[in-house]
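Working notes for the structure below.
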Amino acid sequence: MSKSTSKNSIAILLGYLIIFILPTILNQIFSLKSVIYPVMTADYVLGALLLIWLNHHFSNKNSIDGQSKWSHIILWGILGFILTLVIQMGIQLISYAILKTTVASQNTSEIMTIFSKYPYYMLAVSLGAPIMEELVFRKVFFGNLASFIPPAFAAMISSLLFSLAHNDGHLAIYFLIGLLFCYLYKRTGDIKTSMVAHILMNSLVLTIQALL
C-alpha cells in the first residue's frame with residue numbers, strides 16, 4: 001500500500017468517525033433535541049461531500065480502481081440496484097418459509113419514524129449515508145484489503161463489517177448486499193457504481209415505506 005493510499009484511507013476513516021459522532025457530541029454540549037435531525041441531515045450530507053473531497057484530494061488508487069465510462073457506471077449501478085431487491089426479497093421469502101413470519105428491519109422502522117416528521121432527513125439516508133458507506137466499506141476496507149489477500153476474502157471481511165455496522169437483525173441481507181456492492185466496484189473499477197446502486201436502494205426503500 002502506497003503512502004498516499006494509507007493517508008487517504010486514514011483520512012476517510014477519521015472523517016467518517018467524526019461525522020458519525022459529531023451530532024451526539026453537539027447534542028451533549030448544546031442540547032439540540034429540538035433541532036437534532038436538521039443537524040444530523042446537514043452533518044451526513046456535508047460529511048459525504050467532505051469524504052468525496054478527501055478521496056479525490058489524495059488522488060490515490062488501490063488494486064481495484066480502474067477507469068470506467070459514466071454509461072458503464074450507470075448501467076451496472078442500475079443492474080446492481082435490481083439485484084439488491086432480488087436479494088432482499090429472496091432472503092425474506094426464505095425467512096418466511098422457515099419461521100412463518102416476517103421480521104421488520106429495526107433500522108428502517110426507526111428511520112421511517114424520523115422521516116414521517118422530518119421529510120428532509122431522506123437526504124441523509126438516501127445520499128449522505130450511502131456515499132460515506134461506500135467510501136468506507138468498499139473503497140477503504142475492500143479496496144485496500146484486496147491488495148494483500150484474495151479479493152473474495154477481502155469482500156467477505158468488508159461485507160461482514162458492513163452488516164455489523166447496521167446491527168438490526170438482518171445480517172444475512174446486509175452481508176449479501178455488501179458482497180454485491182464489492183462486485184460492482186470490482187467489475188467497473190469505480191466506486192461510483194456501488195454508490196449508484198446503494199443510493200437507488202435506499203431511496204426506493206424509503207419511498208415504498210412512505211407510501212405504505
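The values are calculated or read from the model by the stated rules, or taken from the named source; none is laboratory data. Since the model is a prediction, treat every value here as computed from it, not as a measurement. Counting neighbours? That spans all protein chains shown, and the Cβs are built from the backbone with ideal geometry, glycine included. Surface areas here come from the heavy atoms of the whole protein model, side chains and all, with no ligands, DNA or RNA. Shrake-Rupley method; radii C 1.70, N 1.55, O 1.52, S 1.80 Å.
Relative contact order, whole percent, for the chain stands at 31, derived from Cα pairs under 8 Å and 6 or more residues apart. For segment 3-211, with all protein chains in place and a probe radius of 1.4 Å, 71% of the accessible heavy-atom surface sits on carbon or sulfur. For the chain, the membrane-span-like helix rule (DSSP H, alpha carbon extent of at least 24 Å along the helix axis, mean Kyte-Doolittle at least 1.6) picks out 70-99; this says nothing about an actual membrane.
Straight-line cross-link reach from LYS186 at under 12 Å between alpha-carbon atoms covers these aspartates and glutamates, not counting any fewer than eight positions away in the same chain: ASP65. Looking at the chain as a GNM with Cα springs under 10 Å, which of VAL86, VAL136, VAL45 has the largest mean-square fluctuation? Highest fluctuation of the listed residues: VAL86.
From the largest down, the chain spans 49, 45, 30 angstrom on the principal axes of its Cα atoms.
Here segment 3-211 is assigned +1 on the Cβ of each Lys and Arg and -1 on the Cβ of each Asp and Glu. Its dipole about the Cα centre then comes out at about 320 debye. Here the gap between THR24 and LEU49, fully extended at 0.36 nm per residue and compared with their Cα-Cα distance, gives a gain of 7.0 nm.
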